[in-house]
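A.B. asks: Handing you this structure, nothing more for now.
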Amino acid sequence: MTRSALITGITGQDGAYLAKLLLDKGYRVTGMVRRSSHGDVPDHRMRWLGVADRVALIDGNLLDLSNLVRVVSDVKPDEVYNLAAQSFVATSWQQPSLTAQVTAVGALNILEAVRIAAPQARFYQASSSEMYGKIQEPVQKETTPFYPRSPYAVAKLFAHWSTVNYRESFGMHASSGIMFNHESPLRGIEFVTRKITWTAARIKLGLAEELRLGNIDAKRDWGHARDYVRAMWLMLQQETPDDYVVATGRTTTVRRTVEIAFAHAGLDPDKHLVIDPALFRPAEVDVLRGDPSKARRRLGWDHEVSLEEMIAEMVDADLARLTSRT
Ligand code: NDP
Ligand code: GDP
């Protein structure tokens, strides 16, 4: 029988890649989309991957529990992937209450809806390495204590523990992927990797002069979204639900990522990079590095795309986008 998957946050980066993965596996995919006046824009990422026509869209918002119960009842999913969130750390200091409502309580709402309307469905929660924040161990694994450093991370921690709690309280097949940063040509332009590749492409084409960044000494464990959505699916194929770190195990500074991108574009970063104090955050996560051994062992998962390959793909995609516009 055809399996049915419901994805919240389908219009985002991971939603598009996950939709493609599930469609390629023969799933019926329904994506929940919140109402907006920009009616024709929301599926642009799915269009980029060539899957927009094969996904059914349904109206819904994580903030409205009764609506979520109806969505889950109508779709009758075998698998639910909760990817929706206010996902940008910097915005979470400007909109902490909204971030808490969507990213924390929204996750609780969808857990409730699944418990009420499809208790046998398998559930995935998009947890985040930001929960480690001020790191308590040099390499973070599932047992590393959390120390969130932003309203976003605090909200994700609530959602993470709610997922664990629903598994333990109600026997739900609820799993949480503690995902380290993952990027792609479909990454939101406000995130640092995409800001770097987009600006490198603009400088290359003579459309910009400067790349303005904040803390370039910050280190992240960056992987490719296409690899990471595979781990989400694998978690829901296990007999027992669990939590998994999904990471590459390598950490790199923002500065080095700028060098990689600019070298690929044939540019000298020293001529263009400007440090802007306004872009520093009220509290920083200085370094993240994940240990994906459990995912390797239990899920047979590993990343396939290196940072260099990913940044090259992103720069090329941004050059192609900008060139086709002019
Ligand atoms: P995006 O920011 O690209 O996508 C977020 C999605 O959530 C969008 O589809 C957005 O819809 C939707 N959304 C926001 N608010 C609501 C709401 N109130 N109701 C319904 N939908 C809503 O995120 P990513 O794809 O990068 O990430 C997916 C998930 O994984 C997020 O939860 C993120 O926090 C988490 N995560 C991501 C990591 C990463 O490196 N990418 C790392 C760890 C965790 P709209 O298009 O309308 O704005
Ligand atoms: P995050 O790890 O989810 O916050 O992902 P981001 O891509 O937004 O940020 C990664 C790191 O890059 C953080 O430590 C930021 O402080 C740092 N950074 C430095 N300059 C910038 C910038 O201009 N924009 C963003 N988004 N991050 C920046």
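The values are calculated or read from the model by the stated rules, or taken from the named source; none is laboratory data. Treat the numbers as computed from the prediction; the structure is a model and nothing was measured. Cβ coordinates were reconstructed from backbone atoms using ideal geometry, including for glycine residues, and neighbour counts include every protein chain displayed. Protein only, heavy atoms only, side chains kept; ligands, DNA and RNA dropped before computing areas. Shrake-Rupley method; radii C 1.70, N 1.55, O 1.52, S 1.80 Å.
A.B. asks: Give me the percent of the accessible area of the stretch 232-326 that comes from carbon and sulfur atoms, probe 1.4 Å, all protein chains in place.
C.D. replies: The computed percentage sits at 48.
A.B. asks: A further question on this structure: What do you reckon, how do Val229, Val69 stack up by accessible area (1.4 Å probe), largest on top?
C.D. replies: Val69, Val229
A.B. asks: Shifting gears a bit: By how many degrees, 0 to 90 and rounded to 10, does the Cα axis of helix 151-170 deviate from the longest principal axis of the chain?
C.D. replies: 30 degrees
A.B. asks: Between helix 65-75 and the chain, what is the angle of the helix's C-alpha long axis to the longest principal axis, kept within 0 to 90° and rounded to the nearest 10?
C.D. replies: The helix 65-75 is inclined about 80 degrees to the chain.
A.B. asks: Solvent-accessible area of Lys134, probe 1.4 Å, all protein chains present, reported in Å² to the nearest ten, please.
C.D. replies: The accessible area comes out at roughly 100 Å².
A.B. asks: Then there's this: Using protein chains only and a probe of 1.4 angstrom, how many square angstrom of Thr143 are accessible, to the nearest 10?
C.D. replies: Near enough 110 Å² of accessible area.
A.B. asks: Would you mind counting up the charge near Ala56? Only other residues with Cβ under 13 Å from its Cβ, with Lys and Arg at +1 and Asp and Glu at -1.
C.D. replies: In short, -1.
A.B. asks: Accessible area per residue for the chain in Å², computed with a 1.4 Å probe and the full protein assembly in place, what is it?
C.D. replies: 43 Å²
A.B. asks: If the limit is 24 Å between Cα atoms, which of Lys20/Lys219; Lys25/Lys76; Lys156/Lys219; Lys20/Lys134 go over it?
C.D. replies: Lys20/Lys219; Lys20/Lys134
A.B. asks: Under the rule of at least 5 residues apart or a separate chain, name every residue whose amide H is placed under 5 Å from the amide H of Gln140.
C.D. replies: Correct list: Arg289, Gly290, Asp291.
A.B. asks: Let me have the 222 nm mean residue ellipticity of the chain computed from DSSP H runs of 4+ only, each contributing -39500 (n - 2.57), with the sum over all residues rounded to the nearest 500.
C.D. replies: Calculated from helices alone, the mean residue ellipticity at 222 nm is -12000 deg cm²/dmol.
A.B. asks: Over 10 Å intervals from 0, what percent of Cα-Cα pairs in the chain sits in each interval?
C.D. replies: 6, 26, 36, 24, 7, 1
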